[in-house]
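What follows draws every value from the coordinates through simple rules; no lab data is involved. The structure displayed is predicted, hence computed values, not measured ones. Cβ: placed from backbone, ideal geometry, glycine included. Neighbour counts: every protein chain shown.
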């Protein structure tokens, strides 16, 4: 689910707008057989958010701050299996999803009117 909006608050230069968005992804139970056992590695939710500031009335220049995995949730995107060196018993391990990340981006739209 993704939602976004923009507005021009009072006090900003005429034509300058701000915007914000939020996305939530929910993954239900996901099962995989690993090391001869059925293992659930799903059942998590990740929230992403962003905020934008258009710097001019033509909306050609924009600064955007995006934060992925806003609440820094630890989750697995899939499972892997490996064998120990001694004894040969296998074990399962998680391939972890991305931790919280932040990105600041400047965009200049040459085609804006």
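Taking all Cα-Cα distances within the stretch 46-85, those exceeding 13 Å account for 70%. Annotation: the residues 107, 64, sorted from fewest to most other C-beta atoms within 10 Å of their own C-beta, follow the order 107, 64.
Can you tell me the relative contact order of the stretch 38-80? Whole percent, Cα pairs under 8 Å, sequence separation 6 or more. Taking the mean separation of contacting Cα pairs over the length of the stretch 38-80, I get 45 percent.
Its convex hull of Cα atoms gives the stretch 2-108 a direction-averaged projected area, equal to a quarter of the hull surface, of 9.2 nm².
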